[in-house]
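Accompanying notes for the structure given below.
The values are calculated or read from the model by the stated rules, or taken from the named source; none is laboratory data. All figures in this text were calculated on a predicted structure; none of them were measured in a lab. Cβ placement follows ideal geometry from the backbone for every residue including glycine, while neighbour counts extend to all protein chains displayed.
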Amino acid sequence: MDASPKPPRFYLTTPIYYVNDVPHLGHAYTTVACDALARFMRLDGRDVRFTTGTDEHGQKVAKSAVAAGLDPGAFTDRVSERFRSLVEAVGATPNDFIRTTEERHHRSVQEIWRRLVQRDEIYAGKYEGWYSVRDEAYLAESELIRQPDGSFRAASGAPVEWVAESSYFFRLSRWQEPLLRWYAEHPDFIGPESRRNEVVRFVEGGLDDLSVSRTSFRWGVPVPDDPDHVIYVWVDALTNYLTSAGFPDEESDTYNQFWPADVHVVGKDIVRFHAVYWPAMLLAAGVAPPRRVFAHGWWTVEGQKMSKSVGNVVDPFELVKEYGLDQVRYFLLREVPFGNDGDYSRAAMIHRANADLANDFGNLVQRVLTLVQRNCEAAVPERGPVTPEDEALLQAASGLGAELRSLMETQQMHAALRALWDVIRAANAYIDHAAPWVLARTDLDRCRTVLSVLLEVLQRVAIFSQPFVPAGAAAILDQLGVPADQRQFGDAGRGPAPGTPLAAPSPVFPRLTSKFEADAG
């Protein structure tokens, strides 16, 4: 019997993507960010569950299916597969891809509903008010923007319609004070801080009971014991996080190990649903809320809002095809602080790919390994006495693990990459100052010590860069002679023993050619 302790667990999720349209840059951004977190935690020895998937019910999907000339089932099958393809296109590694049309999810949603009914948290009534089909949201008139012609639109720009129909309601109003206490007792529940403040202000303003069923369409999970109603899309959609964790089988190993989720990563437009409605529903049902909800910003394109009407929607499949997978992943995670809005431009993409990946990192690897080939008999050299300059660089690299762990626990991927590149740039300054190509003619032992220091630093940086640029990092570790089973974070600094032969280097991050630069200009 294995008595060794279980590794610490980590459960993170993307939002499930709505299938009324095809994937765009924003979907790729969330998926890449979550994948980097998942890869990091796995390499750090955590037992990770990372889930993504598609949200396939609701009036908007039903209307989109009609517009496409398909029944909703065929329509969602087609579009969901496109989102599954996105996972592969951006190099993501989820443990589960969940679809809300799956039977396991129907069971989960209906069980949450039953528990809410049993606890007198749901009651029958009638809804009259404004509704945005595009946003799948009920809106008070105070939240609407009056147009010049006297009509209303949601803040998102979506049209709204007046709805009057029988509905079941969730007693959200009774959860105002419990939610405020929860936020106070769990200050890290919502990130970043600006979103936390926004949510707290919203809840302090008072909460109305929430309509949670519809009778005007049939494409959804039926309400238990009242099939004339379908469960409103947000109760349905949010419960996917429980479904993937094994709910309603609370005795299962998966549920016991992974719930509550460690972090839901969402776009800022849906933070209210995840940080207000979701924890209220879970607390009302007697289920533990997630530990954290983190809301990232939106991307503009060349300074303009992404829009089909403008014609500037960025296709992530084409983006990867044009620039390369690692280049796209690196740009998305490095260009802006995670949580802020960002702007995509060809010039910025090309600059990051060439300056950071090709020049800073790739060229450093090429220089060091070429010098090893020429001056160390194509093998890892012995290290002689080290100088304070050597020690400073080695300490900077050896401190990466603790620094990156702290940053990734709080979803600061941009800062983690900045910390990695601080070491890469320090290594570039070190090699320029030490000039091992000169030492090769004047002091071969010192030349080999310098190269030994650089090989250790490169090995550490390559190991820690795997969550962000997995293909390039793997190629670098191959060239450094690091076996595939020695690439966990705990292996950083071990490195191949002196005398280990190293093959001649080959470029890892090709520089984007003048064609790209001309196009960007």
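State which residue is surrounded by the most Cβ atoms within 10 Å (Cβ to Cβ) when the search covers only region 187-207 and only residues that are part of a loop (DSSP other than H, G, I, E, B) and without any contact (Cβ under 8 Å) to a residue 60 or more places away in the chain.
Pro187
Conditions first: (1) in a helix (DSSP H, G or I); (2) in contact with a strand residue (DSSP E or B) (Cβ under 8 Å, 6 or more places away or on another chain). Val336 passes all but one, so which condition is the exception?
Failing condition for Val336: (1).
Taking the options Arg39, Arg78, Arg107, name whichever one is within 30 Å of Ser465 (Cβ to Cβ) and among the basic types (Lys, Arg).
Arg39
Checking Asp360 against (1) modelled with pLDDT under 95; (2) closer than 26 Å to Ala427 by Cα; (3) acidic (Asp, Glu), only one condition comes out false. Which one?
(1)
Which condition does Pro72 not pass, out of (1) out of contact with any strand residue (DSSP E or B) (no Cβ under 9 Å at 6 or more places or on another chain); (2) closer than 29 Å to Glu302 by Cβ, if it passes all the others?
Result: Pro72 passes all but (2).
Which of the residues spanning region 236-290 are under 14 Å from His105 (Cβ atoms), among the hydroxyl-bearing types (Ser, Thr, Tyr) and part of a helix (DSSP H, G or I)?
Tyr241, Thr243, Ser244
From the list Ala503, Ala518, Ala462, Ala473, pick out the single residue that is assigned to a helix (DSSP H, G or I), among the hydrophobic types (A, V, I, L, M, F, W, C) and at pLDDT below 95.
After ruling out the rest, the residue left standing is Ala518.
Would you mind telling me which numbered condition in (1) in contact with a helix residue (DSSP H, G or I) (Cβ under 6 Å, 6 or more places away or on another chain); (2) closer than 30 Å to Leu325 by Cα; (3) in a helix (DSSP H, G or I); (4) not β-branched (Val, Ile, Thr) Ala92 fails?
Of the numbered conditions (1) in contact with a helix residue (DSSP H, G or I) (Cβ under 6 Å, 6 or more places away or on another chain); (2) closer than 30 Å to Leu325 by Cα; (3) in a helix (DSSP H, G or I); (4) not β-branched (Val, Ile, Thr), the odd one out for Ala92 is (3).
Find all pairs meeting these conditions: Cβ atoms under 7 angstrom apart; at least six residues apart or on different chains; first residue within region 38-52 and over 15 Å from Ala402 (Cβ atoms) and modelled with pLDDT of 95 or more; second residue in a helix (DSSP H, G or I) and of a type in the set (S, T, N, Q).
Cβ pairs passing all conditions: Thr51/Ser244; Thr52/Thr31.
crowded, with 17+ Cβ neighbours inside 10 Å, at pLDDT 95 or above and more than 17 Å from the chain's Cα centre (by Cα) - does that describe any residue in region 331-341?
The answer is no, given that none of the residues of region 331-341 is crowded, with 17+ Cβ neighbours inside 10 Å, at pLDDT 95 or above and more than 17 Å from the chain's Cα centre (by Cα).
Mind telling me which of the residues Val508, Val469 ends up being under 29 Å from the mean Cα position of the chain (by Cα) and farther than 24 Å from Gly399 by Cα?
It is Val508.
Taking region 42-75 only, how many residues are in a helix (DSSP H, G or I) and within 18 Å of Thr239 (Cβ to Cβ)?
Count: 1.
What residue, of Arg367, Arg383, Arg441, Arg352, is surrounded by fewer than 17 Cβ atoms within 10 Å (Cβ to Cβ) and charged (D, E, K, R)?
After ruling out the rest, the residue left standing is Arg441.
Considering only residues that are in a loop (DSSP other than H, G, I, E, B) and out of contact with any strand residue (DSSP E or B) (no Cβ under 9 Å at 6 or more places or on another chain), which ones fall in region 171-186?
Answer for region 171-186, where residues must be in a loop (DSSP other than H, G, I, E, B) and out of contact with any strand residue (DSSP E or B) (no Cβ under 9 Å at 6 or more places or on another chain): just His186.
Are any of the residues in region 312-323 hydroxyl-bearing (Ser, Thr, Tyr), at pLDDT 95 or above and either over 16 Å from the mean Cα position of the chain (by Cα) or under 21 Å from Tyr11 (Cα atoms) (or both)?
yes
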